[in-house]
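Let me begin by presenting the structure, written as structure tokens, before commenting on it.
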Protein chains: 2
Amino acid sequence: MKVAELAKSLGTTADSVRYYTRLGLLKPAKSVNGYKSYSNKEVSRLKFILSARNLGFSVADIKEIINESEDGKSACPLVRSLIKERLEETEKQFQAMLALRGKMSSALSRWEEMEDKAPTANMVCHLIENFEQIKKA
Amino acid sequence: MKVAELAKSLGTTADSVRYYTRLGLLKPAKSVNGYKSYSNKEVSRLKFILSARNLGFSVADIKEIINESEDGKSACPLVRSLIKERLEETEKQFQAMLALRGKMSSALSRWEEMEDKAPTANMVCHLIENFEQIKKA
DNA sequence: CTTAGACCTGTGTCTAAGACACAGGTCAAG
DNA sequence: CTTGACCTGTGTCTTAGACACAGGTCTAAG
């Protein structure tokens with residue numbers, strides 16, 4: 001299988017496959033013409049990678065997991081520990097986005113009733129520069 | 001003012017100040033020793049940048065806004081239009097994170113009751129590789 | 001057999017927003 | 001004058017691929 005075939009068969013892009021290959025997560029054989037040749041083993045390997053990405057693991061995580069399993073060890077403990085970390089990070093980012101969304105949405109609605117102003121020497125845009133202060137008041 | 005002074009006075013890092021300077025958002029004078037010298041105008045300019053970043057504008061957005069205001073025009077219409085875009089993006093990412101958080105959390109709790117398994121030729125980790133399928137069942 | 005065109009390949013570069021490393025410069029104390 | 005602490009600018013690194021590009025491959029027509 002060539003790179004684009006593999007990618008299409010699992011609904012991803014050739015560039016992603018190339019990226020995983022560059023990192024050593026996939027190890028295709030070299031075809032005579034220099035093209036990379038992917039076997040069925042690579043197909044299930046890629047399937048694993050995509051599942052893990054979909055669950056929030058980073059590519060570095062996946063590399064670590066694969067390394068562990070290639071040593072013959074069970075990767076399950078590592079997997080549980082990694083997802084705990086990733087979930088905590090996701091939770092933090094989620095809260096941050098929640099707060100940001102609120103701020104943006106309140107800014108947007110407030111700004112719609114405010115007039116335009118020309119910039120001055122020390123003010124680029126009064127909408128932005130007065131936003132936090134108004135909030136305090 | 002030197003870069004670190006400016007940064008500390010507004011609670012950011014010297015690297016950020018250098019970054020904004022590199023992009024031309026800040027235009028310090030050159031001191032005799034080659035160091036960059038920031039004036040009071042730069043202080044309010046940086047204050048503006050930090051406020052805008054805090055509201056979810058990208059650095060590229062901020063550059064555009066500053067350019068507009070340096071032409072003497074009011075940046076307000078641009079600011080309103082940009083925040084609408086950014087808010088939509090944020091909303092999308094927020095929904096994606098919400099879904100991801102749910103998936104991760106359900107994976108974590110399910111995996112805690114599942115046993116470890118050694119890898120096989122076509123399976124790296126059964127926790128991950130069976131997750132979607134179990135969900136369907 | 002040759003040629004044209006369509007498609008595909010690997011490699012290298014680019015992204016956002018800074019963080020980090022590092023060689024060298026500056027400054028105050030001794 | 002020198003030591004050491006701190007500071008500076010520049011250059012490289014980060015994620016997870018997307019994109020550009022020169023060249024290779026393959027199929028169909030002549």
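The values are calculated or read from the model by the stated rules, or taken from the named source; none is laboratory data. Keep in mind the model is a prediction, meaning the values are calculated, not measured. Every residue, glycine as well, gets a Cβ built from its backbone with ideal geometry; the counts of neighbours run over all protein chains shown.
Assorted remarks:
- Matching residues, segment A:28-40, being more than 10 Å from DNA strand D (Cβ to nearest atom) and either loosely packed, with under 13 Cβ neighbours inside 10 Å or within 23 Å of the chain's Cα centre (by Cα) (or both): A:29, A:30, A:40
- Selection within segment A:59-73: residues that are small (Gly, Ala, Ser) and at the interface with chain B (Cβ under 9 Å from one of its Cβ atoms). The member of this set that is farthest from DNA strand D (Cβ to nearest atom) is A:72.
- Look at segment B:80-106: where a residue is facing chain A (nearest Cβ under 10 Å) and under 29 Å from residue B:130 (Cβ atoms) and a partner is hydroxyl-bearing (Ser, Thr, Tyr) and in a helix (DSSP H, G or I), sitting 6+ places away or on another chain with Cβ atoms under 7 Å, you get B:97/A:90; B:100/A:90; B:101/A:90; B:104/A:90.
- Of the residues examined, residue A:8 is not one that is more than 12 Å from DNA strand C (Cβ to nearest atom), basic (Lys, Arg) and loosely packed, with under 15 Cβ neighbours inside 10 Å.
- Taken over segment A:69-99, the criterion of being polar (S, T, N, Q) and under 15 Å from the mean Cα position of the chain (by Cα) is satisfied by A:90, A:93.
- The set of residues in segment B:107-118 that are over 19 Å from residue A:56 (Cα atoms) and more than 7 Å from every other protein chain (Cβ to nearest Cβ) comprises B:113, B:114, B:115.
- Sole exception among (1) more than 23 Å from residue A:119 (Cβ to Cβ); (2) more than 10 Å from DNA strand D (Cβ to nearest atom); (3) part of a helix (DSSP H, G or I) for residue B:7, by number: (2)
- Residue check, residue B:68 surrounded by fewer than 18 Cβ atoms within 10 Å (Cβ to Cβ) and free of Cβ contacts under 8 Å to residues at least 24 places away in the same chain: no
- Members of segment B:16-57 that are near DNA strand C (Cβ under 9 Å from one of its atoms), within 14 Å of chain A (Cβ to nearest Cβ) and of a type in the set (Val, Ile, Thr): B:49
- Going through (1) surrounded by 13 or more Cβ atoms within 10 Å (Cβ to Cβ); (2) away from DNA strand D (no atom under 16 Å from the Cβ); (3) modelled with pLDDT of 95 or more one by one, residue B:81 falls short only on (1).
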